Amino acid sequence: MWWFKQAVLRPTFADVQAMHPWFLDYEQLEPGVRELVWTLNQTDLVETLSSCEGHPELPDWWETTGGTAYALCLVTSPRRWDRVVHQLRHLAQDWEEVQLIVRGGREQSLGFQDTHAQPESARNALDQAIGQANELIKEYLDHDVVALAPARRGQEEHAGQNGPYAL
């Protein structure tokens, strides 16, 4: 795991704790990406490594960030993550002011870039896009749990009919 490699290379365990989702203090994250990062870390698809809300309130945000908010993720389940990214891309087609950007391989940046040079409205546009992406990922979590429930129930029924060693 990425965080374990960092633990070997870093001098203190506290540094490693700050990076790993299990130890992440979500209250310390920037509010524009806090809920998205939390939701991503609830899946078994990715582990977040870093994030940024974009900071449109800063005078030089266009020059320094290009109007982009992001969550950098370590992909732990590539095939399933690709299905979620496909759904995110489909969702992003309806966004008028924000472009979805997904870059990388095992470490992927899930980015949201404002496409209009209007810093005044950029925060709202980014927040809406991030919120919609967050809801889509939550739906994935709900469907994933729902999909597991009937399969598990079927296994339990099979075990009940055929004894405890049938599984």
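No lab work stands behind these numbers, since they all come straight from the coordinates. Note that the structure is a prediction, hence the values are computed from the model and not measured. Cβ sites come from the backbone with ideal geometry, for glycine too, and all protein chains shown count toward neighbours.
Okay, here's what the table says:
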{"item": "Neighbourhood net charge (12 Å Cβ-Cβ; Lys/Arg +1, Asp/Glu -1) for Trp38", "result": "-1"}
{"item": "Cβ-based net charge around Glu53, under 13 Å, with every Lys or Arg adding one and every Asp or Glu removing one", "result": "-3"}
